[in-house]
Each structure stands twice: as C-alpha cells, then as structure tokens.
Amino acid sequence: MFWSKHDLACQEMVELITDYLEGALPRSQRRRFEAHLAACEHCTEYLQQMRATIRLTGSLSAEDLTPAMREEFTELYRRWRSEGD
Amino acid sequence: MHVGVIAAITGPRRGTRGAPPAVDEDGELVARLRAGDEQAFVALVARHHAAMVRLAGSFVSSAAVAEEVVQDTWVGVLRGIDGFAGRSSFRTWLMRILVNRATSTGMRERRSVAVGDAGPVVDRARFDASGAWMSPPQHWVEDSDDRMLAQGLTDEIQAALDGLPARQREVVVLRDVDGMSAREVCSVLEISEANQRVLLHRGRSHLRQALESELGGL
C-alpha cells in the first residue's frame, strides 16, 4: 500500500493505539488514525487484538476471602476496637 | 516479584468496560463501619482484599510481606476512617494508604517513574522500510475466547502479567483487572495521565504479543 507523508504508517499506528483507545488523540490525529484503520486490514486486526487482550486480562479475577482470612480480619477488627476503647 | 493471587475465571465483566465493581456500595459499608459495625469491616476487606494483595505484591518481595502490608493498611483505615472526608472514592483512599505503607517498608523508591523498558512495542523487523506491516498480526481473536473458556489461557496471561516491569504491571492490573479509571490509577500511583498511558500502552502491548506468540504462532 502507498502512504502519503500525511498518512500514518502501520508502525506508528501500533504506538498510538492506546492513546486512541483512551480518547487521548487530538482530533486531527484521530482522523488520520481512523482513515488508516479503514484502509488497513492488518491494523484493524491489531486493534481487535488489543481489545481482546484487554478483555482477556479483565477476565482474570481474584480469589475470594477464605474463611480463615475472614476470621483473621474479624480478629484484627476486634483487637483494634479493644485497644481503642 | 508479583504475588500471584489471580486465580479463577469469571464471565465477561458486566456493564461498561472499566466500571469498578460496585464501588458505590462502599459508601454504605463505610457509614456502617463508622458506626462500629464489624460485619461492614469484613465486607469491605472481602471486597478489596485481592486487589490490595496484588498491588502490594508489586512493591514488596514476598507474599507474606504483601499480606502484612495489607493488614497494616486496614489498621490505618480503622484509625483514619473518621477523618476520611470522601473527597476521593473510598477505594482510591484505601489504595493510597496501601501504596504509602508498601513504600514505607522501604522496598522501593516511589519517585522513580521509569517505564521499565524502551523501544517500539512491536518488533521493528515486522515492518518494511516505509513502516507498513511486513509480518502482519496473525489472526487469533476468536480462538482466544474458546481457549479462555477452556482455562488454557489463564496461566499464559498471568505469566505475561508477572513478567511485565513492575510499573507497567501495576497500571495494567489496576486498569484492566480491577477496573479502575485512568484518573483513579493516577491518584493511587501518583503518576501523571501521560505517564499512566505510556505504562498502560507498553504493558498491554506486551500482553498482546504474549497472546499472539501463544495463539498465533509468532
């Protein structure tokens, strides 16, 4: 594909992608970003992969508090209460 | 070193992306805690514990020390709750106390905002001289959902997260695992918005590459 000097190269696209997703690109830059996307299947793929990465990272979740830890923090609270009184 | 406490898989995050999990309910619990309600305290701990251990683990060298920092933070919360003015969310206030406690254990100098690595986020060799893709991203997005459901990807993502430089990991975990807003993250980690974006960008880009290597064969 041929890029004019006002166009963004794919290599620049991958560095701007987070600013794009965060809504932090200036309007003119955003327009150039979107114009490139519309014409470039690889960068469109890359953007989808970044979105998938965010989604997959977000599906990691934490363990719940175990009963033992629940006990431990209840103790911590009671200790603090008795010290404060 | 990162303390690995991320374990299970849940379904897709409900609501809009990045919406914190029911943080507004903290307000009610905080009011009950002020009134001396023990159950409210334990409920607040349960709600925030995992995120706190994760963040603490990024500052200190062992899981045991991370747990200590978390306990210490809750003692600080109990002492300070009457002075909590509600100018920030409870979670932001809580996490700031945690960061202060973790850094006062002397494990790391907070002022340094090193990005952790440098250079382009995608290997230069994958572009031609004009900057166009020569070795374009392999297609894997649909596969990843199936693999995730089959639990096969959890360990890969966790390992990739653990492998990130600490500052990048903190930002990615707070934003993408814990669902904090950019603003909250800046406040908790005391970094600028621009810095937050750079760290997020590098962290997410590394994770994408890790997924591509796992799924796309590159």
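Here is how the numbers come out for the structure above:
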quantity: Principal axis dimensions, largest first and in whole angstrom, of segment B:25-104 by Cα; calculated: 36, 23, 19
quantity: Hydrodynamic radius by Kirkwood, which averages 1/r over all alpha carbon pairs of segment A:10-84, in angstrom; calculated: 16.1
quantity: Calculated over segment B:124-215: convex hull of Cα atoms, volume per residue (Å³); calculated: 116
quantity: Zone residues, segment B:115-147, relative to residue A:48, backbone N less than 17 Å from point 7 Å out along Cα-to-Cβ; calculated: B:136-147
quantity: Relative packing of B:31-43, A:49-61, which averages over residues the other C-beta atoms within 10 Å, highest first; calculated: A:49-61, B:31-43
quantity: Average beta carbon contacts from partner chains per residue of B:206-216, 10 Å cutoff; calculated: 3
quantity: Per-residue [θ]222 nm for chain A (sum of -39500 (n - 2.57) over DSSP H runs n ≥ 4, rounded to 500); calculated: -23500 deg cm²/dmol
quantity: Average beta-carbon neighbours from other chains, 10 Å sphere, peptide B:158-164; calculated: 1
quantity: Zone of residue B:181's modelled label, taken as backbone nitrogen in segment B:65-89 under 12 Å from a point 7 Å along Cα→Cβ; calculated: B:88-89
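All of the numbers you see were taken from the coordinates with simple rules; none came from a lab. Remember, predicted model here, so these are calculated numbers, not experimental data. Every residue, glycine as well, gets a Cβ built from its backbone with ideal geometry; the counts of neighbours run over all protein chains shown.
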